[in-house]
Structure formats: C-alpha cells, structure tokens
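K.L.:
Structure provided below as structure tokens; questions to follow.
The values are calculated or read from the model by the stated rules, or taken from the named source; none is laboratory data. It should be emphasised that the depicted structure is a prediction, and the values quoted were computed from it without experimental measurement. Note that we place each Cβ from the backbone using ideal geometry, even for glycine, and neighbour counts take in every protein chain shown. What goes into the accessible areas is simple: the full protein's heavy atoms, side chains included, and nothing from ligands, DNA or RNA. Shrake-Rupley method; radii C 1.70, N 1.55, O 1.52, S 1.80 Å.
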Amino acid sequence: MFLQEAVDLIKEKKLFKKGETIAVAVSGGSDSMALLHFLNEHKEEFDIEVLAITIDHQLRETSSRDVNFVKRFCAQNHIRCQSFKVDVLTYAKEHRMGIEEAARKLRYGIFDKVVKEQHADKIATGHHLLDQAETVLLNMFRGAGLSGVSGMEVSRGNIVRPFLTTKKQSIMAYLFENKVDNIEDETNQDNRFLRNFIRNEVMPLIQTQFRGVETTIAAFAEAARADDEFIGSLAQTSSVLFSDNTAKIPMNYFAQNKSLVVRTIKKTLERMNIVSDITKVHFDMIIDLTKLENGSKVDLPKGLKAIKEYEYITLVKPVEKPKVETIKFKAGKTKIAGFGEILIKKKPYSHQAAAWDLTNITRKSMLVDANKIPKNAEFRKRKEGDVITKFGGGTVTLKKYLIDRKVPERLRNHVPVLAVKNDVLLVLTQDISDKVKVDENTTSVYAIEYNLD
C-alpha cells in the first residue's frame, strides 16, 4: 500500500523542505504509527530526517506501556525517539480547564519546545480525513461559525498533517500490508469524551446513509475556509488602539456588517495572543455591549473582560494587580509599579522664562509650583475620600473628577496621584490641582516628566 494521497499532498503543498527534520507525534495508535512508518520509508524521496516524539500524559495506568511500545519500535527501525511526560490532571485543575483541553495544551507546548530547541523543523501529526470530518461536526455542534467549520489545515505554523486527505481505511490497509503493529488507547472507547462520541456513535450512523460522507464534509470545510478567508481579508483593525494588555475597538467599527464585526474582534484577539475558547456566544456578548450604558462589562474566558468605555469597546487581559505603595515626593527618578518611571526636576522660574517653560510642557510632563508642594506629599493610588481642587477652582471628589475626565473605570484605581492625606494635588497623566499651579508669585518649579510602562 503506497498511500498515494499523502505523497501527492506533501508535494502539492510543499510540506517539507530538503534537509528538514520532521518530528512525528506518535501515541502508538494506528494513525501515528502509520505516519511514522510512512515518513521513515519515504525519507530519502522527501530528503528529510525523521524523529519520533512520544508523550506520556499520565492519564491511564497503561500510558507508560504506550511510550515504551513506541520506543521499542523506533529502536528496531533505527528511528531517533524523544519521550516526554506531562501531568495533565494537575495542569487541568490549576488552570480550571477540561482534561481534553489541558492535554492538548501541554501536548502542543511540547511541540513548541521541540521546534524552539531546534530538535526538529516541523511537527507531523496523524490526523486524517475522518478526523477532519469529526472536527467539523464537533465544532458545528458547539456553535462555531465559518472559522470553526473550516476544520484543520494541512499546514499551520510548524504543524503539518500529511494524512489529512487520506481515508482511515487506506491507513488501516497500509498497516496491514506493511505489518506495522500499533497499540490501542482504551480510552478511545470512552464516549464521555465528545470526540469519541462523534467518532463512535455519530459518524457510523451518518455513514450508513451517506456513503463517503467524510469526503463531502471535508469539501464543505474547504469551501467554508475560502469564504472565511475572503471575508476576513475585508476586516480592518487599523484604528484599534493596542497596549500591553488592552485593545480599544472604536464604536464605529460595530456599525459594519456583523460578519466583519466578528472578524475585527477576532483579529484583535489574535493580536492580543488570544486564539482559543472564544465562541459565537462570546462575540455576541461583546457586540451587545454597544447597546448598553457606559461602564457596562462582560466576563469572557481566561479572565478576559470586555468593557464599554465611552467611544470604545475595550478588551482587557487579566494582569497582576500592581503593588500598593506610597512614594515620598522628591527630585530625581522614581519608579511607580504598574505605571512607569517619573523624573522630577527642580529649577528656578521667572516670568521672562515662563513662555519657554510652557512651550516645553509636553503630553508627558507637568509643571507645578515648587513652593506649594508640602513636604509630606506622596505618590499613591487613589483612596476613598480623596478630593481635588480643579484647575481654575472648585473642589470635587476625585471619583467625579476622573469620571468627568472620562478616565475608564478599570484605570481609576491605577492612575497615581500626588496627595497630602485626602487632598489630591496632582493626577499623573491628567491634570494638577489649582492649589499647586504656577502663578505670578512662582519663583521655582518642579517639572514632572513621565514614561509609561
């Protein structure tokens, strides 16, 4: 058995480059063992080196048996082999995720490690045509859109799937004719796992009525991917404001066709390195925020939040809360956790030099009267009872001041203030109190420059 479909796919898609090392992810099951044997038999034709990697997920008492089986096969066939062990159950518990998701996360983490440490150029997996059909159905049942029902790609990043157009029957015939042993994972019969349920219960029923249905489903997935890629090419994020842990999507983006809105959100999330767990229901939740009042928010997977903030819908990744600290006001450089670095310079001031000083004040600097800053002034985060005398007069609570300045709620507790007790003299990045402003009696000033993290 030659598996011509796989040979043709490898050549058509140029999956391998000459001289590359291809690491085959091998569980010991029929698909991965066929792929390992197949690539090893064709390594001269493709001009590649073959490496086997096998992972003990420690989910079964027999898991080490499977790893040892792969190691023996590799030793007998002179194939280099690397084995790894991961603790799926502990990882799933610590990260509050399902076992299947945790296993996949750890598995792909190993794949990344193998490539980054230059043990291999690409990772080959044994996914075949029936796997593709199962993936499309599973994603469809979960409520996925075009992207989800596009199924798996033949090549994505460093992952390649040479068998993706090959039928399961062809793989089993290849194993039989080439006398390649394999070992079955008994959990493959456990229908509590959704993929097993699709494979063992749903697909056999469909196949009794629709012959070759996996080919039809795969063709549907290919058409869906083409449509998804075209619509996605129309979605723009050029006006989205990105920072380390946030992305601000302008409200006018949400006036577009919903297909474009969803893809704009998706592109934004991808740039934030969020590429999984966001489904149709979550996109709808984000879009629905536009109809709610300012400050409304929704919780999304992995601690992500979406918040309506004035003219934007802001997506916020979870971050550690900055350490609460107070810092005495003094000249020189000061680092404020969760904010950045400030540089305070004291210098004489005269009305003749006033024009020069004012023109040199930038968006990242503030000027205050040095003689009006009390010795016990300190930088800190805001607290209950804080008030500020606005520039020009009038005392208001700091909360109202920040609302009037349209500072998003999520940032109000993080913007540093210079204060004496509850009297706020300066709000970094925003404004100064009327109490410390430069006037006709000013003889020296502090220039406060800041660089945000």
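K.L.:
Around Ala52, which amide H atoms from residues at least 5 apart in sequence, or from another chain, sit under 5 Å from its own amide H, with H modelled in the peptide plane?
P.N.:
Val24, Arg80, Cys81, Gln82
K.L.:
Put a dot 7 Å past each Cα toward the Cβ at Ser365 and Asp190; how far apart are the dots in nm?
P.N.:
So the two model labels end up 6.5 nm from each other.
K.L.:
May I have the extent of the alpha carbons of the range 39-84 along their three principal axes, as whole Å values ordered from largest to smallest?
P.N.:
39, 17, 12
K.L.:
Quickly work out the Val298-to-Ile206 label distance, labels modelled 7 Å from Cα along the C-beta direction, and quote it in nm with one decimal.
P.N.:
2.8
K.L.:
Follow-up. Under 8 Å for C-alpha pairs, at least 6 residues apart: give me the relative contact order for the chain, rounded to a whole percent.
P.N.:
Computed value for the chain: 11 percent relative contact order.
K.L.:
Now for a different question. Asp8: accessible area at probe 1.4 Å, nearest 10 Å²?
P.N.:
For Asp8, the solvent-accessible surface is approximately 80 Å².
K.L.:
Now, a different point. With a probe of 1.4 Å, find how much accessible area the chain has per residue, and write the answer as a whole number in Å².
P.N.:
Heavy-atom SASA per residue in the chain reads 55 Å².
K.L.:
A further question on this structure: With point charges of +1 on the Cβ of Lys and Arg and -1 on the Cβ of Asp and Glu, referenced to the Cα centre of the range 236-347, which listed residue (Tyr253, Ile278, Val316) lies farthest in the positive direction of the dipole?
P.N.:
Val316
K.L.:
Tell me, in nm to one decimal, what length is gained between Met251 and Glu20 on full extension, where the rule is 0.36 nm per residue of separation less the Cα-Cα distance?
P.N.:
That works out to 78.4 nm of additional length.
K.L.:
So for the chain, what are the equivalent ellipsoid semi-axes in whole Å, largest first, each being the square root of 5 times an eigenvalue of the Cα gyration tensor?
P.N.:
So the three semi-axes of the chain are 60, 25, 20 Å.
K.L.:
What FRET efficiency do you get for Lys267 and Ser444 if R0 is 51 Å and r is their Cβ-Cβ distance, rounded to the nearest 0.05?
P.N.:
About 0.50, to the nearest 0.05.
K.L.:
Taking the full set of protein chains and a 1.4 angstrom probe, give the accessible area of Tyr450 in square angstrom, rounded to the nearest 10.
P.N.:
Approximately 10 Å² of Tyr450 is accessible to the 1.4 Å probe.
K.L.:
Hey, which of these cross-link pairs are over 30 Å Cα-Cα: Lys93/Lys383; Lys335/Lys437; Lys345/Lys435?
P.N.:
In this structure, Lys93/Lys383 exceed 30 Å between Cα atoms.
K.L.:
Here's something else I'd like to know. For His119, His95, His128, His78, write out the residues from largest to smallest accessible area, computed with a 1.4 angstrom probe and no ligands counted.
P.N.:
In descending accessible area the options line up as His78, His95, His119, His128.
K.L.:
Let me ask you something else. Given a Förster distance of 45 Å, report the FRET efficiency between Arg72 and Ile403 from their Cβ-Cβ distance, rounded to the nearest 0.05.
P.N.:
For R0 = 45 Å, the calculated efficiency reads 0.05.
K.L.:
For the range 262-295, list residues with backbone N below 11 Å from a point placed 7 Å from the Cα of His414 toward its Cβ?
P.N.:
Output list for this probe position: empty.
K.L.:
At a 1.4 Å probe, what is the % contribution of carbon and sulfur to the accessible area of the chain?
P.N.:
52
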